[in-house]
């Protein structure tokens with residue numbers, strides 16, 4: 001929120017490092033780092049946080065993306081998900097999508113975002129219910145797409161920590177397919 005950013009910038013002459021969504025492992029990790037006198041510059045290297053700065057073009061872009069994501073959440077996810085908080089899922093998944101796209105040097109469309117967010121939200125919900133999809137010939141897939149699945153697996157640790165679940169490789173393979181087929 002631009003007003004919050006302006007208010008926070010007014011309180012301090014320094015930029016503010018913000019973490020969202022919070023999870024117990026993240027908070028514990030941050031406390032440990034602060035107790036060890038880790039500098040703010042070092043904390044900034046942690047990709048789980050984001051720096052709040054006033055840049056109007058970025059804010060406008062984020063507002064357009066936020067409106068789109070809010071519509072996706074309100075118009076579809078909240079109505080379709082049984083256990084999972086759709087808003088929380090989107091707030092966790094969208095930064096992960098951005099990181100994966102950057103790592104794979106891919107761009108995306110709204111359709112791509114919808115495909116990733118919706119599929120991943122249902123993966124999370126299945127994992128909460130311990131109902132997993134099997135991936136046909138998983139070993140061959142892993143052998144042929146090891147780099148992609150490794151990136152996805154690394155990014156989805158944040159999902160596992162946030163929701164207290166373990167996502168099996170079969171589900172990660174389906175998520176990887178989204179990027180491989182793009």
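Please pick out the residue among 140, 77 that is under 15 Å from residue 174 (Cα atoms) and either out of contact with any helix residue (DSSP H, G or I) (no Cβ under 6 Å at 6 or more places or on another chain) or surrounded by 11 or more Cβ atoms within 10 Å (Cβ to Cβ) (or both).
On the way: 77 fails: under 15 Å from residue 174 (Cα atoms).
From the options 140, 77, the qualifying one is 140.
Which ones in the range 97-118 are within 16 Å of residue 149 (Cα to Cα) and part of a helix (DSSP H, G or I)? Give the derivation first.
Of the range 97-118, the ones within 16 Å of residue 149 (Cα to Cα) are 97-106, 116.
The answer is 97, 98, 99, 100, 101, 102, 103, 104, 116.
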Select from the range 119-174 the residues that are within 16 Å of residue 82 (Cβ to Cβ), touching a residue at least 40 places away in the same chain (Cβ under 8 Å) and outside any helix (DSSP H, G or I) and list them in ascending order.
129, 165
Taking residue 111 and the conditions (1) over 16 Å from residue 181 (Cα atoms); (2) loosely packed, with under 12 Cβ neighbours inside 10 Å, which numbered condition does it fall short on, given that it satisfies the others?
(1)
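We did not get these values from a lab; they are worked out from the coordinates using the rules stated. Remember, predicted model here, so these are calculated numbers, not experimental data. Here Cβ is always computed from backbone atoms with ideal geometry, including for glycine, and neighbour counts include all displayed protein chains.
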